[in-house]
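As structure tokens, the structure follows; a few thoughts come after it.
The values are calculated or read from the model by the stated rules, or taken from the named source; none is laboratory data. Because the structure is a prediction, the values reported are computed rather than measured. Here Cβ is always computed from backbone atoms with ideal geometry, including for glycine, and neighbour counts include all displayed protein chains. Side chains included, ligands, DNA and RNA excluded: accessible areas come from the protein's heavy atoms. Shrake-Rupley method; radii C 1.70, N 1.55, O 1.52, S 1.80 Å.
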Amino acid sequence: MYVGADYYPEHWPRERWEVDAKLMQEAEFNVVRLAEFAWIDMEPMEGQYEFGWLDDALAILDKHGVSAILCTPTATMPAWAPRKYPEVMAMQPDGERITWGVRKNNCFTSGTYRLLSERITRAMAEHFVDTPNLIGWQTDNEFGGPVCFCDTCRADFQDWLRAKYGTIDEVNRAWGTHFWSHKYTTWGEIEIPHPSGRAGRLAGPDYLSTHNPSLCLDFQRYHSHLNVRFQRDQVRILRALCPKHFVTHNLMGSYSDLNYYDLAEDLDHVSWDNYPVWGAPSIPYQSSAAADVMRGVKRKNFWIMEQTAGPGGWSAFGRNPRPGEIRKVAYQQLAHGADGQVWFRWRTCTAGREQYWHGLLGHDGKPLRRYQEAAQTAKEYHKLAPELEGTTVEAKVAIIYDYETIWALRIQPGFEGNSYHSAMMRYYSALVRAGVNVDMIKPTEDFSQYRLVIAPDFYLVPDEVAQKLSDYVKGGGVLLADCRLAVKDETNLCYDRTLPGLLSDTLGIAIEEYEAMDDDMEYRVVGKDVVAGDYTAVKYVDWTTPKGADVLATFDQWHLESFAAATRNRSGKGTAYYVGAVVSEPAFYDQLIADMLKTAGVSAHLAPPEGVEVSAREGGGKKLLFLVNHTEEKQQVAVPSGKQELLSGETTGDTITLDKYGVAVIKVQ
Ligand code: GLA
Ligand code: ZN
């Protein structure tokens, strides 16, 4: 079990290195991540390498039992690079290159930048291959942007399209360029769709492009490919020269400018950066969901490569983690499959843009409260390590997590506020409240491993996937789908079918009309039977006609009398649910999830009180139940009795009491 911090020896006098390493050892930290922003210190002039300082730092850490992960430093380039080769800087839509001096600002098609990246990667790999305490590599830092609008990028995008489509006629067909006279006659006419003059940003809520949605989707795919390709160049070198080391990258959870399934293909495991401490304390379901996404990208456990260690911010900063919160945040990730844990950062820096992004130690370098809490957590982790060995989350419920749908919805949300993540969280949060684990899966995954598959906002659905979903239900699976299902094909054209297209029979419904609603509109939803109660539909409704499905909820509106708000349909041996509205009350989703779990025969680990999360890790005949109290009150949880609680060593009774932000790990098998 590796636990430690992100460490920047280059920021501190050498005399301090020994003090830091000793403090790490006392905290039982056994790993640091180093050098992701230290390019200038390692290659002060092009082709001249200086690794001596890092050798010394590594040796001191080694003496104190601390291993290291080294990073390729390509997220921040030294000033000499753009001074000698201006083309390495990304170009903004207005034709100006980004001004050097921040980070993440290179052009990914620049041959020069790719060469500089390969050279420093090779030099590092050759130099450090035999460093005794080096265990692995992190590529770059938080791959993502920016979008570059230079001529090389444009030509490379055109090449990528040529390889994908073969002929310009095929592009015209796939993108529907008959609209607005947008037909291309030659590849050179294809432009990078630009987000209304804003530099760097690709999509998200600020995706303002009004270009052809099919062009936008392909550009998003291409942008992802550029990052994957850039990483692949580095990984190839690391694999060839350092076959004993692992290679990972620090992803960003639910960040979705890139297809993380593709990016992760070249890695041994993924890592991610988890910063959940913002604003008034609330239940951080998002962090669990992000952890499940991270476990899903390679279908294996992951690391945390950066995690909140103090107030964060680049100009103004946020709140301080409260007593117990640093530990609680760590356990939430451990419970979802984190096998390594690194806090960002070791010590708060006194210089640069991140002076206020606080570390475990403050500016003064004293080992105080936050350090002590991390040390306690590290010590507990080492004690738990033998029990954790070979365990992971084994879920019976899956949510389809698909970047193509996420991107297509960002390009055209359809209705105000719609995003894949907001739709997904309505179901995910209800599943956490119900006390079950979830896997996040690709649409190409084998659904038959799961009893229940949830497909929220599943908008871009190729015909094979629709077919797979209906076969899954026929074979006995339980499916839930909701608004905007199967509207689009792979090239982001609307299907010319009545919604939900190929899934109509499985769901037993037809949707001939639908509407978005402004904030001053809402409809009352009357739930019956398993979702009995009064609810509110906001934002969007499908005018769903049941064609064999049971009606679970209707609308209390004269013009919607014949339509259903929610349905359930038997198809073959399975059951398919549909929700054709955004419902504002979480209780609606809680009831629906309860019914779906019952239909699917999935039982909860236990019934957690509000604000307590339960997650299980199992494997090798072992099963550990993690309880995490996200509230600032003591919580009593009914648990299996006569089992060992591993942190206290005590045997459980019928209930266990969790302190505010308290955690427990019960060995049930
Ligand atoms: C990200 C980066 C770090 C640091 C932190 C805090 O996660 O990877 O380098 O910048 O944010 O801002
Ligand atoms: Zn470029």
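Taking the listed residues A38, A75, the one that is of a type in the set (G, A, S) and under 25 Å from the mean Cα position of the chain (by Cα) is A75, with no other qualifying.
Yes or no: A537 touching a helix residue (DSSP H, G or I) at 6+ places or on another chain (Cβ under 7 Å), more than 21 Å from V293 (Cβ to Cβ) and assigned by TED's automatic domain parsing to the domain that holds D590? When the stated conditions are applied, A537 does not pass them.
The number of residues in the range 129-158 being in contact with a Ser or Thr (Cβ under 7 Å, 6 or more places away or on another chain), among the acidic types (D, E) and within 16 Å of ligand 2 (Cβ to nearest atom) comes to 1.
Would you confirm whether or not the range 652-662 contains a residue that is touching a residue at least 24 places away in the same chain (Cβ under 8 Å), part of a strand (DSSP E or B) and of a type in the set (S, T, N, Q)? Talk me through it step by step, then tell me what you get.
Step one: filter the range 652-662 for residues touching a residue at least 24 places away in the same chain (Cβ under 8 Å), giving 656, 658-662.
Next cut, part of a strand (DSSP E or B) only: 656, 658.
Next, only the ones that are of a type in the set (S, T, N, Q) stay: none.
Among the residues of the range 652-662, not one is touching a residue at least 24 places away in the same chain (Cβ under 8 Å), part of a strand (DSSP E or B) and of a type in the set (S, T, N, Q), which makes the answer no.
Residues that are hydroxyl-bearing (S, T, Y), without any contact (Cβ under 8 Å) to a residue 24 or more places away in the chain and either outside the structural domain of A351 (by TED's automatic domain parsing) or closer than 27 Å to P193 by Cα (or both): does the range 115-122 have at least one? There is no residue in the range 115-122 that is hydroxyl-bearing (S, T, Y), without any contact (Cβ under 8 Å) to a residue 24 or more places away in the chain and either outside the structural domain of A351 (by TED's automatic domain parsing) or closer than 27 Å to P193 by Cα (or both). Of the residues making up the range 581-590, those that are of a type in the set (G, A, S) and in a loop (DSSP other than H, G, I, E, B) number 1. The numbered conditions (1) in the same structural domain as Q307 (by TED's automatic domain parsing); (2) surrounded by 14 or more Cβ atoms within 10 Å (Cβ to Cβ); (3) out of contact with any Asp or Glu (no Cβ under 6 Å at 6 or more places or on another chain) are all true for C71 except (3). Just so you know, in the range 109-124 the residues that are open to solvent by less than 10 Å² (accessible area, probe 1.4 Å) and within 16 Å of ligand 2 (Cβ to nearest atom) include one that is nearest to the chain's Cα centre (by Cα), and it is S117. The single condition among (1) assigned to a strand (DSSP E or B); (2) open to solvent by 30 Å² or more (accessible area, probe 1.4 Å) that D471 does not satisfy is (1). Applying the condition of being within 15 Å of ligand 1 (Cβ to nearest atom) and aromatic (F, W, Y) to the range 261-284 and asking which residue is surrounded by the most Cβ atoms within 10 Å (Cβ to Cβ) yields W272.
Considering only the range 148-167, I want to know if a residue exists there that is touching a residue at least 40 places away in the same chain (Cβ under 8 Å), surrounded by fewer than 17 Cβ atoms within 10 Å (Cβ to Cβ) and either within 16 Å of ligand 1 (Cβ to nearest atom) or in a loop (DSSP other than H, G, I, E, B) (or both). Within the range 148-167, not a single residue is touching a residue at least 40 places away in the same chain (Cβ under 8 Å), surrounded by fewer than 17 Cβ atoms within 10 Å (Cβ to Cβ) and either within 16 Å of ligand 1 (Cβ to nearest atom) or in a loop (DSSP other than H, G, I, E, B) (or both).
Working only within the range 383-406, note down all residues that are of a type in the set (S, T, Y) and not in a strand (DSSP E or B).
Step one: of the range 383-406, the residues of a type in the set (S, T, Y) are 391-392, 401, 403, 405.
Across the range 383-406, the qualifying residues are T391, Y401, Y403, T405.
The selection criterion, being part of a strand (DSSP E or B) and modelled with pLDDT of 95 or more, holds for K623. Right, E404: touching a Leu at 6+ places or on another chain (Cβ under 6 Å), open to solvent by 10 Å² or more (accessible area, probe 1.4 Å), assigned by TED's automatic domain parsing to the domain that holds M521 and touching a residue at least 40 places away in the same chain (Cβ under 8 Å) or not? Yes.
Within the range 306-338, if we keep just the residues that are closer than 19 Å to A375 by Cβ and open to solvent by 30 Å² or more (accessible area, probe 1.4 Å), the residue that is nearest to ligand 2 (Cβ to nearest atom) turns out to be N320.
Looking only at the range 536-567, which residues are open to solvent by 50 Å² or more (accessible area, probe 1.4 Å) and within 31 Å of the chain's Cα centre (by Cα)? If the condition is that a residue be open to solvent by 50 Å² or more (accessible area, probe 1.4 Å) and within 31 Å of the chain's Cα centre (by Cα), then K539 is the only one that fits.
Here the range 339-386 is the region considered, the condition is being of a type in the set (A, V, I, L, M) and open to solvent by less than 60 Å² (accessible area, probe 1.4 Å), and the residue that is nearest to ligand 1 (Cβ to nearest atom) is V342.
Given the criteria more than 16 Å from ligand 2 (Cβ to nearest atom), within 11 Å of the chain's Cα centre (by Cα) and part of a loop (DSSP other than H, G, I, E, B), does Y255 qualify? Explain how you work it out, then say what you get.
On the way: more than 16 Å from ligand 2 (Cβ to nearest atom): yes; within 11 Å of the chain's Cα centre (by Cα): yes; part of a loop (DSSP other than H, G, I, E, B): yes.
In short, yes.
In this structure, S584 does not qualify as under 23 Å from T391 (Cβ atoms) and modelled with pLDDT of 95 or more.
Across the range 591-613, a minimum of one residue is classified as in a strand (DSSP E or B), in contact (Cβ under 8 Å) with a residue 40 or more places away in the chain and surrounded by 20 or more Cβ atoms within 10 Å (Cβ to Cβ). Consider the range 285-305 and keep the residues that are buried (at least 24 other Cβ atoms within 10 Å of the Cβ) and not in a helix (DSSP H, G or I). The one that is nearest to ligand 2 (Cβ to nearest atom) is M305.
Of the candidates D55, D6, D41, the single residue that is closer than 23 Å to E306 by Cβ and surrounded by fewer than 17 Cβ atoms within 10 Å (Cβ to Cβ) is D41. Taken over the range 127-146, the criterion of being more than 16 Å from W39 (Cβ to Cβ) and either in a helix (DSSP H, G or I) or of a type in the set (D, E, K, R) (or both) is satisfied by D130 alone.
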